[in-house]
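The values are calculated or read from the model by the stated rules, or taken from the named source; none is laboratory data. Just so you know, these numbers come straight off a predicted model, no measurement behind them. Quick reminder, even Gly has a Cβ in these numbers, built from the backbone with ideal geometry, and neighbours come from all protein chains shown.
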Amino acid sequence: MGMDLGENIKVTIFGESHGKCVGALVEGIPPGTKIDRKALIDDLDRRKPGRRGLSSRAEIDDCEILSGVYDGKATGWPILMIAMNSDARSRDYDFLPDHPRPGHADMGEAIWSKGFYDPRGGGSHSARLTLGIVAAGSQVRSILDEVGWSCDAHLHKVGEISARPLFQLRKMKLQEEDPTMKRLNCRDPDMAPMMDDLIKKIRRDRDSIGSVVELIIEGLPIGLGDPWFDGIEPSLARGLMAIPGARAIEFASGVKSSSMRGSENNDMWVPGPDSPILDKSEDGKADGALGGRSTGAPLRVLVHFKPPSSLPREQFTLHLPSNETRSLKVGGRHDPVIGPRAAPVVQAVAMLVICDLGISGGFLNPKSASLDTAETLVED
């Protein structure tokens, strides 16, 4: 069904927007891996609905770990995590399945399933299921921390308003994030208020708007990934493009490189303290991946999201019983922009993909922690 991601660390998400619960089953977390409950809560809070100016759906999002963890450590068995849906309002979708929404998967799902599907809030297509992705990503952070690999993401652009590059913002001594920056998951103190004003205007217009999330992956060694289909870029693209609403992925210079000269686009190798490095790596401008493998430079990724499709303004779409085009106003409590709540999802996908590639390539040996523990027990 395409609901899983990864080979060594395998994540399967499940649930429906208006069903009883959403969650994830995570397999492959080595025994002894630290499971940080606070980090899990913090990660989920970053994508939680109910923020001012965004979706008003007031979900508690209390994610319960039902198996695979004992005394704060993974046991090596599958980790099952669920969060109960507590604020679904299914009456907002009474017009379905007769009146499929523009920009949604309603029609395709109805035809594929021969009518046997859950139309409420998008069912299993809903971005509500990204809770499971974020919860799963939090389980591998300690594995990445041990080797100094990191993934960070924030809201980079809303409409035509762009934040400064995340690599630059991380190097600046900025004041603590204010409420607007936290609510939008944007690290730029100058651009976040402008983005907020634009989002407010979009809501007043009963419309929605597109956005971009920026991702920075740092600490990777040279050579992570494989050529062709298992390369670091294809692997990340597969996971990131599965996030609801994602429409394009850019790596490094991205689409700009198609209009550049080779002499302008190429990064030259220079001597480094311990091994060769790419020129401009310290500025975050070098290409973090070439030929499917990491270069050791920070890897910058932009994930473009379309405007949310559910609008409280009049649209026209096919009314199936009459076979006529009729007016439709979609009710419900929807985000006017995807990027703010998608940022932690982008980060979680990246952590899962990088961890999986690290194990496949032999760069990560997460079993060593449990083996050390076993050896200690034998000695005792």
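Data for the structure
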| read-out | value |
| --- | --- |
| Counted residues, the range 255-283 - those being hydroxyl-bearing (Ser, Thr, Tyr) and either in contact with a helix residue (DSSP H, G or I) (Cβ under 6 Å, 6 or more places away or on another chain) or not in a helix (DSSP H, G or I) (or both) | 2 |
| Every residue from the range 251-291 that is over 24 Å from Val158 (Cβ atoms) and under 21 Å from the mean Cα position of the chain (by Cα) | Gly288, Ala289 |
| Residue among Asp94, Asp106, Asp45 that is without any contact (Cβ under 8 Å) to a residue 24 or more places away in the chain, on the phi < 0 side of the Ramachandran plot and under 18 Å from the mean Cα position of the chain (by Cα) | Asp45 |
| Filter result (in contact with a Ser or Thr (Cβ under 7 Å, 6 or more places away or on another chain), surrounded by fewer than 21 Cβ atoms within 10 Å (Cβ to Cβ) and under 22 Å from Asp106 (Cα atoms)) within the range 1-41 | Met3, Asp4, His18 |
| Hey, Leu236 part of a helix (DSSP H, G or I), touching a residue at least 12 places away in the same chain (Cβ under 8 Å) and under 27 Å from Gly159 (Cα atoms) or not | yes |
| One residue from Ser113, Ser90, Ser126 being touching an Asp or Glu at 6+ places or on another chain (Cβ under 9 Å), at pLDDT below 95 and of a type in the set (S, T, N, Q) | Ser126 |
| Qualifying residues in the range 1-17 (those that are closer than 30 Å to Arg203 by Cα and in a loop (DSSP other than H, G, I, E, B)) - the one modelled with the highest pLDDT | Glu16 |
| When residues of the range 186-218 are limited to those that are touching a helix residue (DSSP H, G or I) at 6+ places or on another chain (Cβ under 7 Å) and assigned to a loop (DSSP other than H, G, I, E, B), the one farthest from Pro102 (Cα to Cα) | Pro189 |
| Total residues in the range 147-175, condition assigned to a helix (DSSP H, G or I) and at pLDDT 95 or above | 1 |
| Residue ID - surrounded by the fewest Cβ atoms within 10 Å (Cβ to Cβ), chosen from residues in the range 67-91 that are without any contact (Cβ under 8 Å) to a residue 24 or more places away in the chain and charged (D, E, K, R) | Asp71 |
| Some residue of the range 166-175 being without any contact (Cβ under 8 Å) to a residue 60 or more places away in the chain, touching a strand residue (DSSP E or B) at 6+ places or on another chain (Cβ under 9 Å), more than 22 Å from Ser310 (Cα to Cα) and among the basic types (Lys, Arg) | yes |
| Residue match in the range 322-335 (condition: closer than 23 Å to His18 by Cβ and either outside any loop (DSSP other than H, G, I, E, B) or modelled with pLDDT of 95 or more (or both)) | yes |
| Residue among Ala342, Ala286 that alone is in a helix (DSSP H, G or I) and surrounded by 19 or more Cβ atoms within 10 Å (Cβ to Cβ) | Ala342 |
| Qualifying positions in the range 98-121 - under 14 Å from His18 (Cβ atoms) and in a loop (DSSP other than H, G, I, E, B) | Tyr117, Asp118, Pro119 |
| Residue match in the range 16-25 (condition: touching a Gly at 6+ places or on another chain (Cβ under 8 Å) and aliphatic (A, V, I, L, M)) | yes |
| Every pair of residues 6+ apart whose Cβ atoms lie under 9 Å, when the first sits in the range 321-333 and is over 21 Å from Arg206 (Cα atoms) while the second is among the charged types (D, E, K, R) and surrounded by fewer than 17 Cβ atoms within 10 Å (Cβ to Cβ) | Pro321/Asp98; Ser322/Asp98 |
| Test for Glu64: is it out of contact with any Lys or Arg (no Cβ under 8 Å at 6 or more places or on another chain), surrounded by 18 or more Cβ atoms within 10 Å (Cβ to Cβ) and without any contact (Cβ under 8 Å) to a residue 60 or more places away in the chain | no |
| Breaking point among (1) touching a Pro at 6+ places or on another chain (Cβ under 8 Å); (2) under 21 Å from Arg333 (Cα atoms), for His104 | (1) |
| Test result for Ala58, surrounded by 15 or more Cβ atoms within 10 Å (Cβ to Cβ) and hydrophobic (A, V, I, L, M, F, W, C) | no |
| Residue match in the range 96-109 (condition: out of contact with any Gly (no Cβ under 9 Å at 6 or more places or on another chain), modelled with pLDDT of 95 or more and under 23 Å from Leu311 (Cβ atoms)) | no |
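Condition check ((1) surrounded by fewer than 19 Cβ atoms within 10 Å (Cβ to Cβ); (2) closer than 29 Å to Arg52 by Cα; (3) charged (D, E, K, R)) across all residues:
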site	(1), (2), (3)
Cys186	no, yes, no
Asp196	no, yes, yes
Ile222	yes, no, no
Asp226	yes, no, yes
Ser258	yes, no, no
Gly272	yes, no, no
Leu278	no, no, no
